[in-house]
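What follows is a single structure, written as structure tokens, with notes after it.
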Amino acid sequence: MSKYHCECGGLILPDFDSFKLGDTVNCMFETHKPLGNGLISVNQRAFTGIIMKISGDDFDIKSKNKIYDLKRGEFTPADAPGPIEYFRIGKCSCSDGIDENTLPFI
Ligand SMILES: [Zn+2]
């Protein structure tokens with residue numbers, strides 16, 4: 001159990017205001033592929049990257065040789081569960097003030 005696992009079974013959100021340049025973060029890359037008949041295949045891939053640039057809520061995250069343009073809340077600190085885990089397990093619902101920090105994709 002890490003400090004991000006709550007007894008309610010949900011995951012506690014990290015502090016999205018604490019990111020600094022050079023931090024390693026967990027990111028999620030989502031691709032949508034149409035399969036025909038109105039079906040869409042959603043593929044989620046986790047990766048780690050390094051914060052290269054911060055301007056307001058826009059971040060440039062470098063992973064391997066690519067730069068990803070991500071918004072605050074779309075990635076988590078290296079010691080926290082990755083966005084895919086928040087997506088699949090769900091966030092903790094018993095802490096106060098959680099609404100201001102909601103991940104945009106949950
Ligand atoms: Zn909880």
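The values are calculated or read from the model by the stated rules, or taken from the named source; none is laboratory data. Owing to the predicted nature of the structure, the values given are computational and were not obtained by experimental measurement. Methodologically, a virtual Cβ is constructed for each residue, glycine included, from the backbone with ideal geometry; neighbour enumeration extends over all protein chains shown.
Go through SER41, SER2, SER18 for me and flag whichever is over 17 Å from LEU70 (Cβ atoms), touching a Pro at 6+ places or on another chain (Cβ under 9 Å), away from the ligand (no atom under 16 Å from the Cβ) and among the hydroxyl-bearing types (Ser, Thr, Tyr). Break it down into steps so the answer makes sense when it comes.
Details: SER2 fails: away from the ligand (no atom under 16 Å from the Cβ); SER18 fails: over 17 Å from LEU70 (Cβ atoms).
Being over 17 Å from LEU70 (Cβ atoms), touching a Pro at 6+ places or on another chain (Cβ under 9 Å), away from the ligand (no atom under 16 Å from the Cβ) and among the hydroxyl-bearing types (Ser, Thr, Tyr) holds for just one of SER41, SER2, SER18, which is SER41.
Can you tell me which residue within segment 11-49, out of those that are under 21 Å from CYS92 (Cα atoms) and among the charged types (D, E, K, R), is nearest to the chain's Cα centre (by Cα)?
Here the residue is ASP15.
If ILE54 meets every condition in (1) away from the ligand (no atom under 15 Å from the Cβ); (2) at pLDDT below 95; (3) of a type in the set (A, V, I, L, M, F, W, C) apart from one, which number is that one?
(2)
Cβ-Cβ under 7 Å, sequence separation 6+ or interchain: first residue in segment 74-94 and touching a residue at least 40 places away in the same chain (Cβ under 8 Å) and among the hydroxyl-bearing types (Ser, Thr, Tyr), partner assigned to a strand (DSSP E or B) and within 13 Å of the ligand (Cβ to nearest atom). Which pairs?
Between residues of segment 74-94 that are touching a residue at least 40 places away in the same chain (Cβ under 8 Å) and among the hydroxyl-bearing types (Ser, Thr, Tyr) and residues that are assigned to a strand (DSSP E or B) and within 13 Å of the ligand (Cβ to nearest atom), the close pairs are TYR86/LEU11.
Working carefully through the options ALA46, ALA80, find the one that is within 16 Å of the ligand (Cβ to nearest atom) and under 22 Å from ILE12 (Cβ atoms). Please lay out each step first, then the result.
Numbers: ALA46 fails: within 16 Å of the ligand (Cβ to nearest atom).
Of the residues listed, the single one that is within 16 Å of the ligand (Cβ to nearest atom) and under 22 Å from ILE12 (Cβ atoms) is ALA80.
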